[in-house]
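The block underneath contains the structure these notes are about, expressed in structure tokens.
Read-outs: derived from the displayed coordinates by stated rules, not from any lab. On a predicted model such as this, the values are computed, not experimentally measured, just so you know. Note that we place each Cβ from the backbone using ideal geometry, even for glycine, and neighbour counts take in every protein chain shown.
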Amino acid sequence: MPLKYIYDNPSLVQTLGPIHGGLFILFVIYLVMIANKYKWNFKETVLMGLIASFIPFGTFYFDHKFLKRIQEGEIKRVGG
């Protein structure tokens, strides 16, 4: 984004934008698939994960809080 607006060079955005979008779609698909598979609460996992994904670095916060709850045994571990 800085290259596009500061240096008026949109070439990297045109290249990396679709990759970023594809990764976002994969994140959403995997979040829903895993929540379904392990029967996690929709509001606490999927909805909060989706909201966090729209906030810059929000997934890091969500990951920290969510993994803490998995470690404390409040949410069933993936594969366990």
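A crude spin-label estimate for the pair Y5 and V28, with each label 7 Å from Cα along the Cβ direction, gives 2.3 nm. Taking other Cβ atoms within 10 Å as a rough exposure proxy, K65, K43 sort from fewest to most as K43, K65. Restricting attention to the chain, lysine pairs at least eight places apart or on different chains and with alpha-carbon atoms under 29 angstrom apart total 11. Work out the FRET efficiency for H20 and K68 from their Cβ-Cβ distance, taking R0 = 30 Å, and round it to the nearest 0.05. After rounding to 0.05, the efficiency reads 0.65. Among the listed values (i) 69, 32, 25; (ii) 72, 44, 15; (iii) 50, 20, 20, the one matching Cα extents along the principal axes in Å as calculated from this structure is (iii). Extension gain for F42 to F54 (0.36 nm times residue separation, less C-alpha to C-alpha distance): 2.6 nm.
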